[in-house]
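First the structure, in the form of structure tokens, and then the observations on it.
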Amino acid sequence: MPISVDFSGRPFHFIGIGGIGMSALAYILAKRKLPIYGSDIQRSHITQRLQDLGAQIFCHQQASNFEYVKQSPNQGNQKPSSATELELSATQNGLKTALARVKVESLNGKGKNTPGMELPQVICSTAISAENLEYQAAQELGCPIFHRSDLLAALIQDYQSIAVAGTHGKTTTSSMIAMMLLGAGLDPTILIGGEVNAWEGNARMGQGPYMVAEADESDGSLVKIKAQIGVITNIELDHPDHYESLEQVINTFKIFEHNCKTLVACIDCETVREQIQPGITYSLNPDSDADYQVRDVEYRANGILAPVWERGNFLGELELKLLGQHNLSNALAAIAVGRQLGLEFSVIAKALADFEGAKRRFEHRGCFNNILFVDDYAHHPSEIRATLAAARLRMQDSALNTQPHLQRIVAIFQPHRYSRTHAFLQDFAQCFTDADVVVLTEIYSAGEPNIWDIDGQKVADLIGDYHPQVLYQPSMNDVKGSLAQLLQPGDLAIFLGAGNLNKIIPEVMEFYQGSQNTVGTEPGCFSRLMD
């Protein structure tokens, strides 16, 4: 029998604790008052939030991180030895030295604890390789090692859980569902792959019976998730580093379908419509036979107004602050879940009307010199099309005003992963039609080797076959310099990608903050541009 995750008080150690998914899990466990340790090579507001809850976080990933197992349980989450004492060279000799010290002082043979000692449960994501020194140390010590998805699956079993899956829209949809449950006073526990201001992060510990969790298909671990209610927003091939074909992706979602007691799914996606058999369906097409539909939708520059129908009966009007058809589809998923839980539509509609979106999902970062800066996580051709279509709608609506406001969409894009860029090269070439200018930088590798001999210049050249104005800037400094010359009042500058491109946004904004006609940084600055 496989070893199960233990929530009775045994410590947890996260290798790569600062990741968006790992940190959410660590946060919930820390709120449960469980001993939390972990490592990450980068400090951030996310790791600080965990430290504020008592988690001990190392700034390196080495065997020496496990020296705290020498402490007795009644010491709890006391700080281990200083970083200077624990710092060992990242060599095989250093690994052996650290392991020897830990074993001699805390173990009677491999994997057997001395009286009063307990080895931690080690949590890893797919990003942690077998060559990682900290991972090797955990193996040598005999620690139980779990994938991130094992812990998520175990937590999901502790609640009446709603798990949101799909190639696109998971974070926004799960955030909407969470916002709805909060609005209904159900006090949910929340685990998502993005940060939301409403609960100040990517996780929230509630006291109610429900959990809302984002369920990721990227590495195939979706098959472990068994939820009371499952949601599938759409199905596409997005991770060719793990899947060889769309058929493999479909098989993963079919297992998820089988594992969920009730499945809600969007039949606007052809693959879902043909391959999945959900119990509850939703669609933006009023001519479909979906359980939840919208009709006579008004897509506005500042949101959406949509009459909602449930199995042929008019429920009421939904008003959203978010833009684009894709976000209306996400909202329909939330409505379907809410109604399945017995919530009144008025309660659902009010909660969704208050939702301002997750960070890095068409997130307004600032507005300076009449230039609106937006950060978006879109990194797949379908996501880029949807995001730029929403930006185009906003710009076209501003043109109806008597004063000139938004005039150009400038898309700044960082391709993410060589495997994805190679697999969807032609799709990337043709997905920027709603942008007036495209600025492209080098591919973010995410640790992948470049076995396809592809680079950003090649992507830019292909986009140039379909787009009249494409600029390639190989480095981040080149991008910053280019934008300092390129951007002008009336631009909507949207930064696209799942890598580190968004880190330059503050510097670019700072440059324009010093320009005349500064408008401000708060979200309301855009509305003033359109007055």
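The values are calculated or read from the model by the stated rules, or taken from the named source; none is laboratory data. This structure is a prediction, so every number in the text was calculated from the model and none was measured. As a convention, Cβ positions derive from the backbone with ideal geometry for all residues, glycine included, and neighbour counts pool all protein chains shown. Side chains included, ligands, DNA and RNA excluded: accessible areas come from the protein's heavy atoms. Shrake-Rupley method; radii C 1.70, N 1.55, O 1.52, S 1.80 Å.
Rounded to the nearest 0.05, what FRET efficiency do D187 and S8 give with R0 = 30 Å and r taken as the Cβ-Cβ distance? Could you check? Efficiency, from the Cβ-Cβ distance: 0.80. Extending 7 Å from the Cα toward the beta-carbon at both S44 and H258 defines two label points whose distance is 3.5 nm. Taking 0.36 nm per residue of sequence separation and removing the Cα-Cα distance, the D241/N450 pair yields an extension gain of 74.1 nm. Computed 3J(HN,Hα) for the stretch 377-390, one whole-Hz value per residue from the Karplus formula 6.51 cos²θ - 1.76 cosθ + 1.60 where θ = phi - 60°, is 7, 3, 9, 10, x, 5, 5, 5, 4, 5, 5, 6, 5, 5, glycine and proline marked x.
Over every Cα atom in the chain, the radius of gyration and the widest Cα-Cα span, Dmax, amount to 24.3, 80 Å.
Axis angle, to the nearest 10 degrees, between helix 476-486 and the longest C-alpha principal axis of the chain: 20 degrees. Our estimate of slack between A484 and F314, defined as 0.36 nm per intervening residue step minus the Cα-Cα distance, is 56.2 nm. Note on L53 and E356: the model spin-label points, each 7 Å out from Cα along the C-beta direction, lie 2.3 nm apart. When H45, H405 are compared by accessible surface with a 1.4 Å probe, the order from highest to lowest is H45, H405.
Students often check this: by mean Cβ neighbours within 10 Å, which of 173-183, 13-23, 496-506 ranks highest, and how do the rest follow?
Details: 173-183: 28.0, 13-23: 23.8, 496-506: 18.4.
The peptides rank, most packed first, as 173-183, 13-23, 496-506.
In the chain, the longest principal axis of the Cα atoms and the axis of helix 345-354 are about 90 degrees apart. Per atom type, the chain shows carbon and sulfur on 46% of its accessible surface, probed at 1.4 Å. Relative to the current alpha-carbon distance between N477 and Q277, full extension at 0.36 nm per residue lengthens the span by 67.1 nm. Pair-distance distribution P(r) for the stretch 308-369, from all Cα-Cα distances in 5 Å bins starting at 0: 4, 15, 27, 23, 13, 8, 5, 3, 2, 1 percent. Using the beta-carbon distance between N285 and Y466 and R0 = 30 Å, what value does 1/(1 + (r/R0)^6) give for FRET efficiency, to the nearest 0.05? FRET efficiency, N285 to Y466: 0.60. Each residue of the stretch 260-275 is assigned a 3J(HN,Hα), and the resulting list reads 9, 5, 10, 10, 10, 8, 8, 8, 6, 7, 4, 5, 4, 4, 8, 10 Hz, derived from the Karplus form 6.51 cos²θ - 1.76 cosθ + 1.60 (θ = phi - 60°), x at Gly and Pro. In the stretch 309-457, inverting the average of 1/r over every pair of distinct C-alpha atoms gives 17.9 Å as the Kirkwood radius. Figure note: Y243, Y466 ranked by solvent-accessible area, largest first, 1.4 Å probe, ligands and nucleic acids not counted: Y466, Y243.
Computed over the stretch 391-472, the P(r) curve from all C-alpha pair distances, binned at 5 Å from the origin, holds 3, 15, 24, 19, 14, 11, 7, 5, 2, 1, 0 percent per bin.
In order along the stretch 317-323, the Karplus-derived 3J(HN,Hα) couplings, from 6.51 cos²θ - 1.76 cosθ + 1.60 at θ = phi - 60°, round to 9, 10, 10, 10, 7, 7, 10 Hz, and Gly and Pro are given as x.
So, by mean Cβ neighbours within 10 angstrom, what's the order for 447-456, 314-323 with the highest one leading? Mind dumping the intermediate values first?
Numbers: 447-456: 12.9, 314-323: 18.0.
The peptides rank, most packed first, as 314-323, 447-456.
Among 163-169, 356-362, the peptide with the highest mean count of other Cβ atoms within 10 Å heads the list, and the full ranking is 163-169, 356-362.
Between the amide H of H13 and those of Y37, Q121, V122, I123, distances stay under 5 Å, these residues lying 5 or more places away or on another chain, with hydrogens modeled in the peptide plane.
Average the reciprocal distances over every distinct pair of alpha-carbons in the stretch 225-375, invert the result, and give the Kirkwood radius in Å. Kindly include the intermediate steps, with their values, before the conclusion.
Values: mean 1/r = 0.0596 Å⁻¹.
Evaluated over the stretch 225-375, this radius sits at 16.8 Å.
Counting only DSSP H runs of at least 4 residues, each contributing -39500 (n - 2.57), and dividing by the residue count of the chain, the helix-based mean residue ellipticity at 222 nm comes to -10000 deg cm²/dmol. Rolling a 1.4 Å probe over the protein heavy atoms gives the chain an accessible area of 42 Å² per residue. Between the stretch 327-402 and the stretch 293-319, the alpha-carbon centres lie 15 Å apart.
Treating the angle as unsigned and between 0 and 90°, give the value, to the nearest 10°, between the Cα long axis of helix 20-31 and the longest Cα principal axis of the chain. Once rounded, one gets 60 degrees.
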